[in-house]
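See structure below.
What follows is calculated from the coordinates using simple rules that are stated; it is not laboratory data. Since the structure is predicted, the reported quantities are computational estimates derived from the model, not experimental observations. All Cβ positions, glycine included, derive from the backbone under ideal geometry; neighbour counts span all protein chains shown.
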Amino acid sequence: MRINPYNPADSRNPNTRNSIQTAGAKKKNMLRIVSLQLMATVVAGVIAALLGGWPAMFSAVLGGLCCVVPNGLFALRLFSAAQRGAANPVSFMIGEFIKIALTVTLLGVTAWLYRDLNWLALICGFIVALKSYIILLFRQT
């Protein structure tokens, strides 16, 4: 019987075995990135609190969470789609669109509901969380 290299369900396919073995590593990397974004958000909040008080801290943390929450949901959705074998470019693009829409919605809701919003701290917290993955580029695994 011939092995179909394009069928991910064929357990005799060495590529499938490798992808199953690396699935845990991919999940760990996604979790590492999202947790690093969360830690960077907390650090941005502490710095904002030292520079601008409690409203600046809450603004920075909310700005970071506007980035971390959609990224975490996107990573979860991407990983579950990959586990089911349903990952394709269209589902990736739909997930990316949902992530962007959720980010914009969260930023809008934050601006609408939080009256003591410090815009500078919000944007700085958002940017710090958004770019925190760069730290992982300098670490060797």
Cβ-Cβ cut-off under 15 Å around Leu102, Lys and Arg +1, Asp and Glu -1: the net charge is +1
If the label point sits 7 Å along Cα→Cβ of Phe97, residues of region 71-86 with amide N under 20 Å come out as 71-82, 86
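In whole percent, what relative contact order does region 14-138 give with Cα contacts below 8 Å and a gap of six or more residues?
This gives 40 percent for region 14-138.
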Under 15 Å by backbone N from the virtual spin label 7 Å along Cα-to-Cβ at Phe138, the residues of region 39-71 are 40
With 0.36 nm assigned to each residue of separation and the Cα-Cα distance removed, Ala82 to Asn29 gains 17.7 nm
Distance in nm between Ile127 and Leu73 label points, each 7 Å along Cα→Cβ, equals 2.6
The orientation-averaged projected area of the Cα convex hull of region 14-138, in nm², is 8.5
